[in-house]
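Everything below concerns the one structure shown next.
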Amino acid sequence: MRLSIVWFLIIDSMLSEVIALSDPVVARKEDIPAMIKLSSQVFKTDMGGCFPLLFSPENVENMTVVREAGRPVTMVGMLPKEISVFGHRLKAGLIGAVCTHPDYRGRDYGAKALAMSEKMAIEKGISLFIISGKRGLYNRFGAVEPDGFYKLKVLPGKASRVKEASEEDLSKIAWLYMGRSVRYFRDLSQFRRVFATGRVMVRAAKTFISDKAYVTVIKFRGSNYIVEHAGCESDVIEAARGYLQLSGEKECVLVLDGLFLSQEREKTDFEGTMKVISIENFLDQLEGYYREVMTDGEFEAFREKASKMTPAEFTRLVLLESNIKGSPIPLPVYGFDYI
């Protein structure tokens, strides 16, 4: 009888250890090579080469993994970023490289790791997740495909003289980018590390610069897409035509946020999904923005309405609805910040 009790306690202890090992945890620096290997295997590309900021030692504490047999078998990559919304700072978590080894799928590891990432992010003051992907996992998480993104076909016409940009042009590129009313905050070193990969959104990219604008071009679905640009509207369009002239291409597509007001623009999908993970953080960070477009009474009523909502409900309100002043909130296209 005593032997049976002893064996029961041993087995119970072993099961508890297995369960604990299957819980998501914060990644460690020594996990980085295994995370790069796992995500590269799943996404069939060199993830470490494409995303040096995400897989950097200084960012590893923002990554979540599930380990089995001492190695990561599930991961959720997060890169904290701040977004300028007309000068107001919104703290976002860029989510990417979310994957599970084929041998460990069907165990809900991805959902558990994403939930832990959300909890960690809220504690860091992050209010919005911007997720590269449209999987069922993200829909169940409460993320939506945001409104307010457009595309514009550019054909040959009046063009500015452009050249292919090099690292020597990065200071000017960063300066032009700073002129955008809605943008990701980046320092020059971040620009340099991403530019050096020669890739944007996992695809080979080239940047072309004129005196007043720049455009970054990738091949996507058989077409030439400009996925990032800066400068005033007319200068960007002329730089895009300069790229056509230099490359000999017949047309290209500009990917736009809602502030690019060309009459020829058409609505397009965002390459991912978003979720407000903390209503409190979101309204604290963007209170100034909303008070610029609302009266004090309207804002207080808005805050009161938000306090009775779930994050998923509030996400739909601020990212999809147009009957609230200031919504859908303007957000930047991915560009260099895609992970």
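Worth pointing out:
- Boolean, Leu246 is farther than 16 Å from Lys153 by Cβ, among the hydrophobic types (A, V, I, L, M, F, W, C) and at pLDDT 95 or above: yes
- Here is the figure for the range 24-55: residues that are without any contact (Cβ under 8 Å) to a residue 40 or more places away in the chain and open to solvent by 30 Å² or more (accessible area, probe 1.4 Å) total 9.
- Scanning the range 45-72 for residues that are of a type in the set (D, E, K, R) and over 15 Å from Met201 (Cβ atoms) gives Glu58, Glu61, Arg67, Glu68, Arg71.
- Filtered residues of the range 56-82 (kept if within 17 Å of the chain's Cα centre (by Cα) and either of a type in the set (Gly, Ala, Ser) or buried (at least 24 other Cβ atoms within 10 Å of the Cβ) (or both)): Ser56, Met63, Thr64, Met75, Val76, Gly77, Met78
- Filter pass, Ser262 being modelled with pLDDT under 95, open to solvent by less than 30 Å² (accessible area, probe 1.4 Å) and over 29 Å from Lys91 (Cβ atoms): yes
- Any hit, the range 221-238, residues being among the aliphatic types (A, V, I, L, M), out of contact with any helix residue (DSSP H, G or I) (no Cβ under 8 Å at 6 or more places or on another chain) and surrounded by 15 or more Cβ atoms within 10 Å (Cβ to Cβ): yes
- Candidates Arg303, Arg316 - the one that is open to solvent by 50 Å² or more (accessible area, probe 1.4 Å), in a helix (DSSP H, G or I) and touching a strand residue (DSSP E or B) at 6+ places or on another chain (Cβ under 9 Å): Arg316
- Gly136 vs. criteria closer than 18 Å to Met78 by Cα and surrounded by fewer than 16 Cβ atoms within 10 Å (Cβ to Cβ): no
- The set of residues in the range 163-194 being open to solvent by less than 60 Å² (accessible area, probe 1.4 Å), of a type outside the set (A, V, I, L, M) and within 15 Å of Ser210 (Cβ to Cβ) consists of Ser166, Asp169, Tyr177.
- Being modelled with pLDDT of 95 or more and either touching an Asp or Glu at 6+ places or on another chain (Cβ under 6 Å) or assigned to a loop (DSSP other than H, G, I, E, B) (or both) is a property that does not hold for Lys325.
- Evaluated against (1) over 26 Å from Lys206 (Cα atoms); (2) at pLDDT 95 or above, Pro332 falls short on exactly one condition, (1).
- Count - residues of the range 141-161 that are aliphatic (A, V, I, L, M), buried (at least 19 other Cβ atoms within 10 Å of the Cβ) and farther than 21 Å from Val333 by Cα: 0
- The requirement of being farther than 19 Å from Gln285 by Cβ and under 14 Å from the mean Cα position of the chain (by Cα) is satisfied by Tyr138.
- Of the residues making up the range 75-112, just one is farther than 27 Å from Tyr184 by Cβ and among the β-branched types (Val, Ile, Thr), namely Thr100.
- Leu254 vs. criteria among the aliphatic types (A, V, I, L, M), within 20 Å of Tyr334 (Cα to Cα), in contact (Cβ under 8 Å) with a residue 24 or more places away in the chain and open to solvent by 30 Å² or more (accessible area, probe 1.4 Å): no
- Checking each residue in the range 130-155 for being over 16 Å from Val276 (Cβ atoms) and part of a strand (DSSP E or B) picks out Phe149, Tyr150, Lys151, Leu152, Lys153, Val154.
- Residues satisfying the stated conditions in the range 97-121, i.e. farther than 30 Å from Leu283 by Cβ, in a helix (DSSP H, G or I) and either open to solvent by 70 Å² or more (accessible area, probe 1.4 Å) or of a type in the set (Phe, Trp, Tyr) (or both): Asp103, Tyr104, Tyr109
- The requirement of being outside any loop (DSSP other than H, G, I, E, B) and charged (D, E, K, R) is fulfilled somewhere in the range 83-96, by at least one residue.
- Test: Ile126 is open to solvent by less than 70 Å² (accessible area, probe 1.4 Å), modelled with pLDDT of 95 or more, within 25 Å of Gly49 (Cβ to Cβ) and of a type outside the set (Gly, Ala, Ser): no
The values are calculated or read from the model by the stated rules, or taken from the named source; none is laboratory data. Not measured: the values here are computed from a predicted model. Heads up, the Cβs are rebuilt from the backbone with ideal geometry, glycines too, and the neighbour counts pull from every protein chain shown. In case anyone asks, the SASA skips ligands and DNA or RNA and just uses the protein heavy atoms, side chains included. Shrake-Rupley method; radii C 1.70, N 1.55, O 1.52, S 1.80 Å.
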